[in-house]
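Structure first, then comments.
The values are calculated or read from the model by the stated rules, or taken from the named source; none is laboratory data. Please read these numbers as outputs of a predicted model, since none were measured by experiment. Glycine also receives a Cβ, built like all others from the backbone with ideal geometry; neighbour counts cover every protein chain displayed.
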Amino acid sequence: MTEAFSSLRINPDRMLDSFTQLASIGATADGGVNRPTFSEAHLAARKWLKEEIERSGLEFHTDGAGNHSALLACAEDGSPSFLIGSHLDSVLNGGRFDGALGVIAALEVLKTVKENGIRLKVNVEAIDFTDEEGTLVGLLGSAALAGYLNQKDLSSPRGGRDNLLEGMVRAGLSDAGMLSAARPKDSLAGYLELHIEQGKRLERAGTDIGIVTAIVGIWSYRLSFIGRADHAGSTTMSDRLDASLGASAFTLAAREMVMKDFPSCVVNVGKMDFAPGAFNIVPANVELALEFRSPDEQEFDRLDAALLTLAEKEAARFGLELKTEFLGKHSPSVMSENVRSAFASSCEVLGLSHVPLSSGAGHDGQSLSELCPVGMIFVPSVDGYSHSPREFTKWEDCVNGANVLLQTVLQLAAG
Ligand SMILES: [Zn+2]
């Protein structure tokens, strides 16, 4: 059955036309888009998608979390849905490709399946998840659909409760609706997403498609290096308990350790707050925001222990006290083996080179990976830019990615 479909391709001109229309909504002068969740531009993009779905003769669906989707009923009534999608929201002054490409490609896959009158074992649904980027909550729509969202997520969101409430009012949504958007497990046959890489690995290797092995997990801590405030002029260098030294030495040593001993992981110190914080006072306290990411749960335990031991060592070296506060973790999401091998065989059908890689960024697929088989592919980002107006992917790479999605959906949904 699959072989009969292997010559099928998406329509690149039609996809480019849709992509260009969408990119004009919230467009910025420097070539990017500014569509934070529930901003006027984001709402306009959602409206455009709804109309585009209806113009294409697909069924429009929405849920209490504001996820918008196009359903192609190409299987028996009551069949589960194979989801394909991404997100229309952007970070502040983001790029045209992040999220938008995945939604447009998913829609193009449905249009192609529809115009060829193909019957499959499951329905196919193109979805735009609400607030993937985390302007308000982060992975909001996918967490709601997967049933993981809870009232606490809505009561103390990272974007602030007032902003969330105002946004929900603008979008016609409510807490109760958000918490009722969960879908039963047996209604989902799988989830596929095409995304730009947001890094340079594919471009450097000259590879067409990255097949994601896992979306990395993230652990975060607040570390405090505690010394003593003193006169910055009259205290000798050797008498100081300078908290900045422990914090700085730790930051440098953590970088070296991760590069040497944990090459698949990354570590980031994104913020340091000095107290009292003045030119003429030796810093008594430095609070540091530490985040680290790994594609492998076991490796996390080792990395966690190694970083905390290192922090203790650097604190002791400068006579400082260390306080650690664990702020939370997201576990890595492993992508489905079956979907990964379907992606690989689609690449081979299409004559595209492919390589396995992990995703250092979070994506909606991680919300769904416990519920149904999930897979993601990446296409090359020119110079690796993302979350920036400089974000760019060559159109032929976008088309390649959409064709891999199409071929993979046909393989997996044909049963
Ligand atoms: Zn994205």
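Only one of the numbered conditions (1) over 17 Å from SER333 (Cβ atoms); (2) crowded, with 17+ Cβ neighbours inside 10 Å is not met by GLY217, and that is (1). Residues in segment 63-121 that are within 16 Å of the ligand (Cβ to nearest atom) and over 19 Å from GLU52 (Cα atoms) were compared, and the one that is nearest to the chain's Cα centre (by Cα) is ASP98. Specify the residue that is nearest to ASP128 (Cα to Cα); the eligible residues are those in segment 350-388 that are within 14 Å of the ligand (Cβ to nearest atom) and among the hydrophobic types (A, V, I, L, M, F, W, C). Going through the qualifying residues, I end up with MET376. In a residue-by-residue description of segment 222-238, the property of being assigned to a helix (DSSP H, G or I) and either on the phi < 0 side of the Ramachandran plot or over 23 Å from the mean Cα position of the chain (by Cα) (or both) applies to at least one position. Consider ALA189 carefully, then state whether it is more than 16 Å from the ligand (Cβ to nearest atom), hydrophobic (A, V, I, L, M, F, W, C) and closer than 30 Å to VAL379 by Cβ. Against the criterion (more than 16 Å from the ligand (Cβ to nearest atom), hydrophobic (A, V, I, L, M, F, W, C) and closer than 30 Å to VAL379 by Cβ), ALA189 qualifies. Within segment 357-372, the set of residues being closer than 24 Å to VAL267 by Cβ and in contact with an Asp or Glu (Cβ under 6 Å, 6 or more places away or on another chain) comprises just one member, GLY365.
Does any residue of segment 147-156 turn out to be more than 15 Å from the ligand (Cβ to nearest atom) and under 17 Å from the mean Cα position of the chain (by Cα)? Yes.
Restricting segment 122-139 to residues that are aliphatic (A, V, I, L, M) and away from the ligand (no atom under 16 Å from the Cβ), which is nearest to GLY66 (Cα to Cα)? Residue satisfying both the conditions and the ranking: VAL124. Residue pairs whose Cβ atoms lie under 6 Å apart, sitting 6 or more positions apart in sequence or on different chains, and linking a residue in segment 193-207 that is more than 23 Å from LEU88 (Cα to Cα) to a partner that is within 16 Å of the ligand (Cβ to nearest atom) and part of a loop (DSSP other than H, G, I, E, B), are LEU202/PRO380; GLU203/PRO380. Note on segment 15-43: residues that are loosely packed, with under 15 Cβ neighbours inside 10 Å and on the phi < 0 side of the Ramachandran plot total 7.
Enumerate the strands (runs of 3 or more DSSP E) found wholly within segment 301-404, keeping only those where 2 or more residues are buried (at least 18 other Cβ atoms within 10 Å of the Cβ).
Correct list: 354-359, 374-379.
Out of curiosity, is GLY227 modelled with pLDDT under 95, surrounded by 18 or more Cβ atoms within 10 Å (Cβ to Cβ) and away from the ligand (no atom under 16 Å from the Cβ)? Please lay out each step first, then the result.
Details: modelled with pLDDT under 95: no; surrounded by 18 or more Cβ atoms within 10 Å (Cβ to Cβ): yes; away from the ligand (no atom under 16 Å from the Cβ): yes.
No.
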